[in-house]
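The values are calculated or read from the model by the stated rules, or taken from the named source; none is laboratory data. Just so it is clear, the structure is predicted and the values come from calculations on it, not from any experiment. Cβ sites come from the backbone with ideal geometry, for glycine too, and all protein chains shown count toward neighbours. Protein only, heavy atoms only, side chains kept; ligands, DNA and RNA dropped before computing areas. Shrake-Rupley method; radii C 1.70, N 1.55, O 1.52, S 1.80 Å.
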Amino acid sequence: MKHILVTGANGQVGMELQTLAKQLQGTFTLHFTDVAELDITNQENIKQVFNKIQPVYVINCAAYTAVDKAETDKELCYKINTQAAEYLAEACKAIDARFFHISSDYVYHNGLNRPLLETDPTTPKGVYAATKLQGDLQALAANEDTIILRTSWVYSSFGHNFVKTMIRLGTERDSLGIVYDQIGAPAYARDIAATILSIIDKIEAQAIATGGVYNYAPQGVTCWYDFAKTIFELEGINCTVNSILSKAYPTPAARPTYSVLNCDKIKDTFDISIPYWKDSLKACLQELKQAENLS
C-alpha cells in the first residue's frame, strides 16, 4: 500500500481531499495532518513524520491565506507560505516522494489583462502574494519535481469563503455592494482536490516527469459582482446586488484586477477536463444543502 501525506487537512482543499479519499479503492492510504500533527515550519518535525509514514506523495494544502492580516503578520506568513514550502520540497526530494504545492493567482498581478500563462511576469503586491511566489520559487529550487498548482478565488462547502458569506449576508440584508472590477474565475476546492488525485493516477500509470508550475481554474470568466448574483439566483435569495468599484472598498492588501488563468498546460500535460465555473458552483451549493439536511 502506498502512502499519501496531506498537510493543511482542515483547510478547504484538505477537507475536500478527505471527502474524496472515502471514494478511493485501496490503492493509497491517505494520512491527513494539520498543525497539531505536523508543524510544517519545523524541519525536524517534518523528518519525523516523513520517516514514520514514508509517503510517496505529499500534498501541501497548508497556507497562510489571511491576505490583509498578512500585511502586519509578516513573519508567520513567510514561515508558512515560503519556508515551509521549501522544507517540504527538500524532505520530499530526500525520500524520493512527489511534492504537490498549492499556490495563488496573486503571484502574477501583472496587468496584462489576458488569460495568464505560467511563464508570464510575476509582480506580486503585498506580503501574502510575495510569500506565495517566494514559496513557489524556493520549492522548485529545492526539488525540481515539485508540482505547483496556481489557482484562484477558492471556495468550498467547508470553511470560510465567499460563497458561504454571500449566502449568510444575502439572507440577512436587503442589498449588498460587491466589486465588479476584479475579473477571474472561482475555483471549487473539490475540483482542485480531484485534479490532484487525477494527476497522481496519471503519474502512476505513465511514470512521467512533470515538475513545474501549472495554472488551475475553472472554465469561464466572471467578476465578484456576477459571482454573488449567480449565487443568489441559484439559491433563490432575494437580495439586491449593487456593483461597486474596488476603490470604494479599500483593503490593506492589493487585489489583482485580472486573474483569468490560461490552463492549457495542465489540460495538455495530464489530459484532464476542467468544468465550467457555474457547474461547479451548482455542485457546491448542492453539497451545502445536503450537509444542512443532515444537520
- 0 to 90° range, to nearest 10: angle between helix 12-21 axis and the chain longest Cα axis: 60 degrees
- Any lysines whose Cα falls less than 16 Å from that of LYS202, other than same-chain ones fewer than 8 residues away, would be LYS2, LYS265, LYS267
- Query: In deg cm²/dmol, rounded to 500, what helix-only [θ] at 222 nm does the chain give when every DSSP H run of at least 4 residues adds -39500 (n - 2.57) and the total is split over its residues?
  - Reply: -12500 deg cm²/dmol
- Once Lys and Arg get +1 and Asp and Glu get -1 on their Cβ, which of ILE183, PHE99, ASN113 lies farthest toward the positive end of the dipole of the chain? ILE183
- Grab the other residues whose beta carbon is less than 12 angstrom from that of SER103, score K and R as +1, D and E as -1, and report the net. -1
- Looking at the square roots a ≥ b ≥ c of the eigenvalues of the Cα gyration tensor of segment 155-201, which shape do they give, rounded for a/c under 1.5, prolate if a/b is larger than b/c, or oblate? oblate
- Item | Percent of beta bridges antiparallel (DSSP, the chain, rounded to nearest 5) | 5 percent
- Mark the label point 7 Å from the Cα of GLU292 along Cα→Cβ and return the residues of segment 217-252 whose backbone N is within less than 12 Å of it. 232, 234-238
- Item | Stretch gain in nm, segment ALA283-THR269, where the contour uses 0.36 nm per residue and the Cα spacing is subtracted | 2.4 nm
- Report, in degrees rounded to the nearest 10, the 0 to 90 angle that the Cα long axis of helix 43-53 makes with the longest principal axis of the chain. 70 degrees
- Note on the structure: Taking a crude spin-label model, label points 7 Å out from Cα along the C-beta direction, the LEU20 to LYS52 distance in nm is 2.6 nm
- Label-point separation in nm, ASN110 to MET1, each point 7 Å along Cα→Cβ: 4.4 nm
- Task: Please work out how much length the chain gains when fully extended from ASP181 to LYS74, using 0.36 nm per residue of separation minus the C-alpha to C-alpha distance, in nm with one decimal.
- Result: 35.8 nm
- Query: Considering only the other residues whose Cβ falls under 9 Å of the Cβ of LEU234, what net charge follows from Lys and Arg at +1 and Asp and Glu at -1?
  - Reply: 0
- At a 1.4 Å probe, what is the % contribution of carbon and sulfur to the accessible area of the chain? 49 percent
- Gain on full stretching of the segment that runs from ARG173 to ASP145 - 0.36 nm per residue minus C-alpha separation: 5.2 nm
